[in-house]
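Read through the structure below, which is laid out as structure tokens, and then see the notes.
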């Protein structure tokens with residue numbers, strides 16, 4: 001799969017933030033994959049890093065290109081996580097998880113001093129939920145109950161399908177993903193927090209794809225190679 005020039009430029013900008021000896025969280029998806037490739041090249045040239053992956057797919061990629069992976073144990077904190085996003089609002093709140101790795105992405109981000117997001121301009125939105133649904137990870141036993149409760153909130157949940165075999169998508173944690181289409185976009189941080197809290201309060205919900213106030217900065221890469229840095233608006 002080819003990687004757009006803008007994502008490559010943004011990944012290289014993120015790479016410049018990695019110091020020797022850093023402990024690095026590796027995101028999931030095309031943007032994160034571009035970063036993994038470039039970090040591995042730097043590691044082969046002598047940069048010392050230890051990495052924690054946010055998905056089994058990223059772990060396989062990292063091992064294949066020679067990066068050293070470590071466990072996120074009690075003694076491990078991360079200096080930085082570099083990841084992508086599905087949507088980025090002006091205040092840098094995010095929708096993540098359309099690739100299915102939201103829970104591990106949340107954990108790794110929380111374990112990191114800094115979360116840096118790498119995107120192309122097509123991921124920038126005026127309000128969260130503008131370009132697609134909000135992913136919600138659910139324990140399989142609770143699927144029917146959670147679907148009913150989500151519908152009670154006035155949204156349209158749909159179970160995510162997996163590969164061509166017709167079976168549901170299963171996360172690396174053994175859970176199901178429900179994609180929640182909103183009745184209206186989440187216009188500000190207060191609306192996003194309120195909806196996130198409502199969904200999380202449903203027993204059986206593990207997490208949502210709403211990442212509120214987690215990003216330190218967002219690097220937006222354009223096709224001409226320009227990279228804009230966006231900071232949270234307070």
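Structural remarks
- Candidates 199, 118, 180: the one that is touching a strand residue (DSSP E or B) at 6+ places or on another chain (Cβ under 6 Å), in a helix (DSSP H, G or I) and at pLDDT 95 or above is 199.
- Of all residues in segment 105-118 being out of contact with any helix residue (DSSP H, G or I) (no Cβ under 6 Å at 6 or more places or on another chain) and crowded, with 18+ Cβ neighbours inside 10 Å, the one that is farthest from residue 14 (Cα to Cα): 106
- Single residue of segment 1-29 satisfying the filter (assigned to a helix (DSSP H, G or I) and touching a strand residue (DSSP E or B) at 6+ places or on another chain (Cβ under 6 Å)) that is nearest to residue 110 (Cα to Cα): 14
- Hits in segment 140-167 (condition: within 16 Å of residue 97 (Cα to Cα) and crowded, with 16+ Cβ neighbours inside 10 Å): 157, 160
- Residue in segment 7-16 that is touching a helix residue (DSSP H, G or I) at 6+ places or on another chain (Cβ under 9 Å), assigned by TED's automatic domain parsing to the domain that holds residue 218, crowded, with 24+ Cβ neighbours inside 10 Å and under 21 Å from residue 172 (Cβ atoms) present: no
- Per the listing 27, 33, the residue uniquely within 21 Å of residue 209 (Cβ to Cβ), crowded, with 24+ Cβ neighbours inside 10 Å and within 18 Å of the chain's Cα centre (by Cα) is 27.
- Pair list, Cβ under 6 Å, 6 or more apart: segment 104-123 residue closer than 17 Å to residue 218 by Cβ, other residue surrounded by fewer than 22 Cβ atoms within 10 Å (Cβ to Cβ) and modelled with pLDDT under 95: 120/4
- Out of 214, 229, sole residue that is at pLDDT 95 or above and surrounded by 14 or more Cβ atoms within 10 Å (Cβ to Cβ): 214
The values are calculated or read from the model by the stated rules, or taken from the named source; none is laboratory data. Not measured: the values here are computed from a predicted model. Quick reminder, even Gly has a Cβ in these numbers, built from the backbone with ideal geometry, and neighbours come from all protein chains shown.
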